[in-house]
Amino acid sequence: MRLFTLYLRSRRIPVALAATAAGVALVALLGNAPDPWRTRVFAVLALGLGLGVLGNGLGGAADTLERTGAIRWAGWRTAHLVAMTGAVLAVVTAASEAPTGVLLRAAAGLAGLTALAAVVLGHQLAWTLPTVWAGAAAVVPPVTEPELLRLLTWPMQPSDSTAAALAAGVPAVGGLILYATRGSRPSALERRRASSSPSSSRWS
């Protein structure tokens, strides 16, 4: 229990979760209207916003130092990403009238993008991919042709779209696997410190 508490504190989760839940719920509620398109747009934006903000917690203040601990990080990282996604999805589902299938697909895909951003760019920039992708998809109509555009706008496609489900599944699975095995990319300052210290562990 102590390790769990320390983990939550190191990721600043308690404070971030409360503030994020309120903001996400507000955005989702603003989209509830007779227009299904508007409802879906605001729901996807709420998911992207929530995951982007909480994505900062996918890494700690001293990622390089944490890697020296004898902890099964893959399990912790997987549980963290799944719980974070579930929390944001639960808030949006409760507040939005968007189809459940659309919400589930968008949450999985955007969570994968959040994890990918944390691995490649660092947890401080984990917000970039989910918010940018959700925003871009929200302003582009969910057309079915050409095929490439349909794949790129997967968050806004109908819930029964197989192509959209596959497009969302790629970042969802890839992001989870990469984040679980590699974790968040250390900051430039941490990497400089690690390179000057022989006892520091490698990022990979």
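The relative contact order of the range 40-141 comes to 48 percent, based on Cα pairs under 8 Å that sit 6 or more residues apart. If R0 is taken as 25 Å, the Cβ-Cβ distance between T5 and L104 corresponds to a FRET efficiency of 0.25. So how much slack lies between L149 and A22, counting 0.36 nm per residue of separation and subtracting their Cα-Cα distance, in nm? Contour length minus the Cα-Cα distance gives 42.5 nm. Counting 0.36 nm for each residue step from R12 to W73 and taking away their Cα separation leaves a gain of 20.2 nm. Given R0 = 25 Å, the distance between the Cβ atoms of Q124 and D160 translates into a calculated FRET efficiency of 0.10.
Each value in this text was obtained by applying a stated rule to the coordinates, not by laboratory testing. This is a predicted model, so every value here is computed, not measured. Note: ideal-geometry Cβ built from the backbone for every residue, glycine included; neighbour counts use all protein chains shown.
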